[in-house]
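The values are calculated or read from the model by the stated rules, or taken from the named source; none is laboratory data. These numbers come from a predicted model, not from an experiment. Calculation scope for accessible area: heavy atoms of the full protein, side chains included, ligands and nucleic acids excluded. Shrake-Rupley method; radii C 1.70, N 1.55, O 1.52, S 1.80 Å.
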Amino acid sequence: MHATANKYLGVLSDLRIVKRDVPVTDNNPLKSKKGLYCMIDEFFLFWFRFVFPKRAELEMGQTDDVFKTIETGISRFLAATYEKVSLETLWKYRNRTIPFDLVGRWWERNEEIDIVAVDTNSDAILFGEVKWTE
């Protein structure tokens with residue numbers, strides 16, 4: 001990765017706007033080549049998904065079109081947020097399921113598992129699929 005990109009990704013990480021995500025089962029997350037940077041701040045996610053691309057329309061007072069765009073895309077937007085909330089909830093209530101010390105997502109090429117919780121002591125593992133519906 002380019003040094004300038006690393007610098008800015010570091011700043012955005014420090015500000016907790018983005019984070020580097022790796023599959024939960026990766027043995028060496030800091031050196032993983034499977035790492036993905038993703039925006040984690042919900043305000044910025046909403047802004048860049050719905051507001052930023054429609055700035056001109058908003059500045060001209062054409063809010064009806066912008067609201068239609070939000071209405072059309074909000075369910076998909078909320079689905080990603082729901083996955084994050086599900087991971088956080090599983091972590092919060094980890095003592096009510098199998099004991100585990102790692103929780104996250106897993107992916108490999110075109111395959112993905114929304115929730116994976118691992119107990120590294122007993123090699124127990126929990127897989128979960130999260131679906132948002134209206």
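Rolling a 1.4 Å probe over the protein heavy atoms of the range 3-68, with every protein chain left in place, gives an accessible area that is 59 percent carbon and sulfur. Is the shape of the range 1-66 best called rounded, prolate or oblate, per the rule: a/c under 1.5 gives rounded, else a/b larger than b/c gives prolate, else oblate, with a ≥ b ≥ c the square roots of the Cα gyration tensor eigenvalues? Taking the square roots of the gyration eigenvalues as a ≥ b ≥ c, the range 1-66 is prolate. Take the convex hull of the alpha carbons in the chain; its mean projected area over all directions comes to 10.8 nm². P(r) tail for the range 68-108: Cα pairs beyond 12 Å make up 66% of the total.
Thr72 contributes about 120 Å² of solvent-accessible surface, heavy atoms of the protein only, 1.4 Å probe. What's the carbon and sulfur percent of the range 71-115's accessible surface, probe 1.4 angstrom, rounded to a whole number? Here carbon and sulfur together make up 52 percent of the probe-accessible area.
Over what distance in Å are the Cα centres of the range 36-58 and the range 68-134 separated? Cα centroid of the range 36-58 versus Cα centroid of the range 68-134: 22 Å apart. Averaged per residue, the range 61-134 has 73 square angstrom of accessible surface, using a 1.4 angstrom probe with ligands and nucleic acids left out.
Classify the range 81-134 from the C-alpha gyration tensor, please: rounded if a/c falls under 1.5, else prolate or oblate depending on whether a/b exceeds b/c. Judged from the Cα gyration tensor, the range 81-134 comes out oblate (a/c at least 1.5, b/c at or above a/b).
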